[in-house]
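As structure tokens, the structure follows; a few thoughts come after it.
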Amino acid sequence: MSLFDYNAAPVCEDHVVHQDIAEAARRDLPEEDELFDLAELFKIFGDSTRVKILYLLFETEMCVCDIAEVLGVTDSAVSHQLRVLKSAKLVKFRKEGKSVFYSLADDHVGSILAQGMEHVRE
């Protein structure tokens, strides 16, 4: 079964707006700039290589060389994706001698991954 069903969603037979529900929803809707930032965050998760990197870092911190080895891609490719993840504040790094180790920026990132995987596996 596909994750997405592209058949049209059922719609109401009569167009009746439930004003109380609509007004409450309108009040609770976050500001436009917050929704934009949230959409941009989810775009970051739209690339399978970045998700793989995040998933690896969910388990342990790793350096670029280790990530590249596991994923079978170049150090340059990993570095590029880490730059995107770092700019989105999803990963952080620490230096140890000549090595640079990356990890998830905070527990929120791990929660997003865990909940996303739980949803996919349902």
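Reported count of residues in region 63-87, each being open to solvent by less than 80 Å² (accessible area, probe 1.4 Å) and of a type in the set (Asp, Glu), is 2. What's the number of the only condition in (1) within 14 Å of Asp47 (Cβ to Cβ); (2) touching a residue at least 40 places away in the same chain (Cβ under 8 Å); (3) open to solvent by 40 Å² or more (accessible area, probe 1.4 Å) that Leu90 fails to meet? Answer for Leu90: the failing condition is (3). Anything in region 93-116 that is closer than 25 Å to Glu40 by Cβ and either in contact (Cβ under 8 Å) with a residue 24 or more places away in the chain or open to solvent by 100 Å² or more (accessible area, probe 1.4 Å) (or both)? List them, or say none. Within region 93-116, Tyr102, Ser103, Leu104, Asp107, His108, Val109, Gly110, Ile112, Leu113, Ala114, Gln115, Gly116 meet the criteria. Which condition number does His15 fail, the rest of (1) touching a residue at least 24 places away in the same chain (Cβ under 8 Å); (2) over 12 Å from the mean Cα position of the chain (by Cα) being met? Just one mismatch for His15, condition (1). Contact map, region 69-81: residues that are of a type in the set (Val, Ile, Thr) paired with residues that are open to solvent by 70 Å² or more (accessible area, probe 1.4 Å), Cβ distance under 7 Å, separation 6+ or inter-chain. No pairs are found.
The single condition from (1) assigned to a loop (DSSP other than H, G, I, E, B); (2) in contact with a helix residue (DSSP H, G or I) (Cβ under 7 Å, 6 or more places away or on another chain) that His15 fails is (2).
The set of residues in region 27-55 being open to solvent by less than 90 Å² (accessible area, probe 1.4 Å), assigned to a helix (DSSP H, G or I) and among the acidic types (Asp, Glu) consists of Glu40 alone.
In this structure, does Asp66 turn out to be among the acidic types (Asp, Glu) and closer than 22 Å to Ala77 by Cβ? It is true that Asp66 is among the acidic types (Asp, Glu) and closer than 22 Å to Ala77 by Cβ.
Of all residues in region 66-87, those satisfying the criterion of being of a type outside the set (Val, Ile, Thr) and more than 15 Å from Ile44 (Cβ to Cβ) are Asp66, Ala68, Glu69, Leu71, Gly72, Asp75, Ser76, Ala77, Ser79.
The values are calculated or read from the model by the stated rules, or taken from the named source; none is laboratory data. The structure presented is a predicted model; accordingly, all values stated were derived computationally and were not measured. Glycine also receives a Cβ, built like all others from the backbone with ideal geometry; neighbour counts cover every protein chain displayed. Calculation scope for accessible area: heavy atoms of the full protein, side chains included, ligands and nucleic acids excluded. Shrake-Rupley method; radii C 1.70, N 1.55, O 1.52, S 1.80 Å.
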